[in-house]
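What follows is a short report on a single structure.
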Amino acid sequence: MRKNKWHLLLCLSLLNAFFFFSSVADNSTFKVPSDAAALLAFKSKADLRNELPFFSVPNDTFHFCKWAGIQCVQSRVVRLVIQGLHLGGTFANNTLTRLDQLRVLSLQNNSLTGPIPDLSGLRNLKSLFLDRNYFSGSFPPSILFLHRLRTVDLSYNNLTGSLPASIANLDRLSYLRLEWNHFNGSVPPMNQSSLKFFNVSGNNFTGAVPVTPTLLRFDPSSFSWNPGLCGEIIREECSPSSPFFGPTSSVSAPPPVVVLGSNAVELAKLGEKKRRKTVEIVGFSCGVLVLICSLLCFAMAVKKQRNNNSTTSKEKGMAMMLSDDAEAAAVGMEQEKELEEKVRRAQQGMQVTKSGSLAFCAGEAQLYSLEQLMRASAELLGRGTIGTTYKAVLDNRLIVSVKRLDAGKLARTSREVFETHMESVGGLRHPNLVPLRAYFQANEERLLIYDYQPNGSLFSLIHDTQQILHVQGSKSTRAKPLHWTSCLKIAEDVAQGLSYIHQAWRLIHGNLKSNNVLLGPDFEACLADYCLSVLVNSPHGDNNNNADDDPNSTAYRAPETRNSHHEATSKSDVYAFGILLLELITGKAPSHLPSLAPNEMMEWVRSTRDGNVDDGGENNKMEMLLEVAIACSLTSPEQRPTMWQVMKMLQEIKDTVLMEDSESDPPTGMS
């Protein structure tokens, strides 16, 4: 009995040992996948508040691709989005940098500290978002080895030091944001044709901004808040470093290139013309001076002779000469008047009285005079609600847009009110606003001078294109609305411009419509005719700006401003933006948009686009845009979002687009 008992105990022991070693062997096969290990290593250093739902339970590691913010392909992480969790730790080396198949990495708005680690292991990375943290140290040189990068956002951190010039070698880069750090040194000579967005504002860069075809495309606001920067791109003259001793004469500078807004207009041979004009002016002045001296001498001689009651033949000859000179001067004056009259008739309605002068807005260089503007060849661009717009080509080859305001619409606006308001409007500078450069007023004439935008209006882009398609296509061919990516880009441009007006300056546009959205050289959307509606609103509440009988313009007006004494507000701008977005999405004129409930509107928009545009299966993104448009065009102003909120909505859609560019081509090293 005792022997059997020992045999039983021995068998149990052997069985336990078998299960123990089996479990050890099984645990050895429970090796944590490398990508999961990298994620857990990152959590251990970065997630001080235990916000990340990553767990080191063995059974769970086989399902790490289901963790929040992670997307996998063939059990490898290709996208990691961890945003707005305020993690508070560090982005340690040898953690996420082991994810060699990662294509999109976003850690924005997480309060991470310390330097950015070596990222060279992320050889497939295309989009990198590390903005709105507390990263310190220098620009990570490992980024220069990630040749597939298209998007880099390091903005709103504490990075210091200079930028390597070799960043210009990232030939696929299309989006680079470095604003609001502490970078110094010079701006790199970016020259990638792919670069569409660039911002280095709010740093400590110094010296001249390199003049490259790529950097010339960007507005001065991309370089703002860098007190040490200068150069033609930001319209800030660089002060030459002159020696303390030495010759005072200097070699003449080459003819300058003037950048007007985003248009680079070369003033060819300007220096030569100026020198020629200077010689002519000096010569003419000397002649006038000699003539005046002669007249004075003659007057004194005549007086003297009258006192002596004697006149010599010589003096009679001088009198005859003076008479001849006076007659010649009179003929010259008549010819000059005739010439002025010819110039006046050639202005095609753009004439104003020559009293007064142009008032250039704060910080603007006085590149031309009123007289030059009057001599410019003028071309009628269009007649709007409050004035007529001309394209003017000046004699120095500068091209500007001149808006002549309707005197009747501004009859109640005093000279002082107009001047004060235009000084405020002239201070607005944003890449998505057509900048006001100068203004003029004398008697009842008021002119506004803007940068000329070469690619027409958004209205023409939407509807003229469709008209061409109708003409060229068959009877069954339906017009094609813009592709949804174009809609998103234009909507974001307009939203940024409106948000800037509302937030930074507490002003309103007051007349937003597709005719007042112009397209710059790179087809960026720029707002025109902004902040003028307040000048045509009478104190009795009659909104003269609403006197336009165009049904499309009427459709843009918010319900609370129709047939009432309510003036335009920021929320009525939001309503107009919603209608503009619907016009973009559907390709339909605002007057043809039906009044439908939100769910019905969604179905109707689908029907307008269905079969017309190949959206690549991106219906969900188009519906997100449509949701923004519907929210903006709600009847109640209180229910509409602010433009800042609208901009955030569009940014979320844009981030989704950027992150999903990883679907375009397979990463290296994967079958």
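Over 18 Å between Cα atoms: which of LYS45/LYS66; LYS489/LYS648; LYS43/LYS654; LYS391/LYS588; LYS513/LYS654 fall into that group? Mind showing how you got there, number by number?
Working: LYS45/LYS66 21 Å; LYS489/LYS648 14 Å; LYS43/LYS654 27 Å; LYS391/LYS588 28 Å; LYS513/LYS654 23 Å.
Pairs exceeding 18 Å: LYS45/LYS66; LYS43/LYS654; LYS391/LYS588; LYS513/LYS654.
Rounded, prolate or oblate for segment 34-230? Axes are the square roots of the Cα gyration tensor eigenvalues, ordered a ≥ b ≥ c, and the cut-off for rounded is a/c under 1.5.
Working: a/c = 2.65, a/b = 1.87, b/c = 1.42.
Because a/c hits 1.5 or more and a/b exceeds b/c, segment 34-230 counts as prolate.
So if R0 is 35 Å, what FRET efficiency would ASN93 and SER460 give, r being the distance between their Cβ atoms, rounded to the nearest 0.05?
On the way: r = 54 Å, r/R0 = 1.53.
About 0.05, to the nearest 0.05.
Distance from the Cα centre of segment 108-125 to that of segment 358-427, in angstrom?
The two parts, judged by their Cα centres, are 49 Å apart.
I need LYS45, LYS571, LYS66 ordered by Cβ neighbour count within 10 Å, fewest first. Don't jump to the answer; show the numbers that get you there.
Numbers: LYS45 17, LYS571 22, LYS66 10.
Ranked by crowding around the Cβ, least crowded first: LYS66, LYS45, LYS571.
Ranking request for peptides 401-408, 177-184: highest mean number of other beta-carbon atoms within 10 Å first, then the rest in descending order.
177-184, 401-408
Give me the number: length gained by fully extending HIS147 to ARG123, i.e. 0.36 nm times residue separation minus the C-alpha to C-alpha distance, one decimal in nm.
Values: separation 24, 0.36 × 24 = 8.64 nm, distance 0.78 nm.
So the extension gain works out to 7.9 nm.
Sort TYR450, TYR134 so that the residue with the fewest other Cβ atoms within 10 Å of its own Cβ comes first and the one with the most comes last. Mind dumping the intermediate values first?
On the way: TYR450 23, TYR134 14.
So the ranking, lowest neighbour count to highest, is TYR134, TYR450.
Please arrange ARG446, ARG375, ARG397, ARG506 by counting, for each residue, the other beta carbons lying within 10 Å of its beta carbon, fewest first. Spell out each step's value before the answer.
Values: ARG446 23, ARG375 16, ARG397 13, ARG506 9.
With the sparsest Cβ surroundings first, the list reads ARG506, ARG397, ARG375, ARG446.
Residue separation times 0.36 nm, minus the C-alpha to C-alpha distance between THR569 and ASN204: what's the value?
Working: separation 365, 0.36 × 365 = 131.40 nm, distance 3.76 nm.
Value of the extension gain: 127.6 nm.
Starting from the Cα-Cα distance between ALA362 and LYS648, subtract it from 0.36 nm times their residue separation and give me the gain in nm to one decimal.
Details: separation 286, 0.36 × 286 = 102.96 nm, distance 3.08 nm.
Contour length minus the Cα-Cα distance gives 99.9 nm.
Using modelled backbone amide H atoms (1.01 Å from N, in-plane), which distant-in-sequence or interchain residues come within less than 5 Å of GLY185's amide H?
THR206
7 Å from Cα along Cα→Cβ at both VAL211 and TRP604: what's the point-to-point distance in nm?
For VAL211 paired with TRP604, the spin-label model returns 5.3 nm.
First measure r as the distance between the Cβ atoms of HIS63 and THR656, then evaluate 1/(1 + (r/R0)^6) with R0 = 30 Å and state the FRET efficiency to the nearest 0.05. Before the final figure, lay out each step's value.
On the way: r = 24 Å, r/R0 = 0.80.
The computed FRET efficiency comes out at 0.80.
Indicate the gyration tensor shape class of segment 66-118 (rounded, prolate or oblate), computed on the Cα atoms with a ≥ b ≥ c the square roots of the eigenvalues: a/c under 1.5 is rounded; otherwise a/b larger than b/c is prolate and the rest oblate.
Oblate shape, in that a/c is at least 1.5 and b/c is the bigger or equal ratio.
Any read-out appearing in this document is the output of simple, stated calculations on the displayed coordinates, not a laboratory observation. For clarity, every value in this text was computed on a predicted model and none was experimentally measured. Every residue, glycine among them, receives a Cβ derived from its backbone with ideal geometry; neighbour counts consider all protein chains shown.
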